[in-house]
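Read through the structure below, which is laid out as structure tokens, and then see the notes.
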Amino acid sequence: MTKRIQTMVLVFKTNVNTLSKVQRITPKLNRLFPNSKWNFDLEDCDRILRFESDNNIMKEIIILMKILGFECEAL
């Protein structure tokens, strides 16, 4: 019997509001969370950051975003 890995979807409200800010954040997110899929929805009023990960990395994402100077809270 194979164990199925559960993928978590994490959704955050941010204040990232431009593509240039996303481009500044991208290398850091890719380096720290290489096995995760993520994207920003800049059109949404909450400037959503959505992560798909096999691990619960919620705290790490919030800490990184705050270190980078952005607001980030779990929804």
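The values are calculated or read from the model by the stated rules, or taken from the named source; none is laboratory data. All of these numbers come straight from a predicted model, not from anything done at the bench. A quick note on method: Cβ atoms are made from the backbone with ideal geometry, for glycine too, and the neighbour counts reach across all protein chains shown. Please note that ligands, DNA and RNA were not included when accessible areas were found on the heavy atoms of the full protein model with its side chains. Shrake-Rupley method; radii C 1.70, N 1.55, O 1.52, S 1.80 Å.
Numerical summary
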item	result
Selected residue (only one of K59, K66 is open to solvent by 100 Å² or more (accessible area, probe 1.4 Å), more than 14 Å from K13 (Cβ to Cβ) and not aliphatic (A, V, I, L, M))	K59
Residue that is of a type outside the set (V, I, T) and either in contact with a Phe, Trp or Tyr (Cβ under 8 Å, 6 or more places away or on another chain) or modelled with pLDDT under 95 (or both), where the choices are N35, N17	N35
Selection count, the range 9-43, where residues are in a loop (DSSP other than H, G, I, E, B) and open to solvent by 40 Å² or more (accessible area, probe 1.4 Å)	7
Selected residue [open to solvent by less than 60 Å² (accessible area, probe 1.4 Å), over 9 Å from the mean Cα position of the chain (by Cα) and among the charged types (D, E, K, R)] from D54, D46	D46
Meets criteria (assigned to a loop (DSSP other than H, G, I, E, B) and surrounded by fewer than 17 Cβ atoms within 10 Å (Cβ to Cβ)) for Q6	yes
Pair list, Cβ under 9 Å, 6 or more apart: the range 50-75 residue over 13 Å from V16 (Cα atoms) and assigned to a loop (DSSP other than H, G, I, E, B), other residue small (G, A, S) and open to solvent by less than 60 Å² (accessible area, probe 1.4 Å)	D54/S36; N55/S36; I57/S36
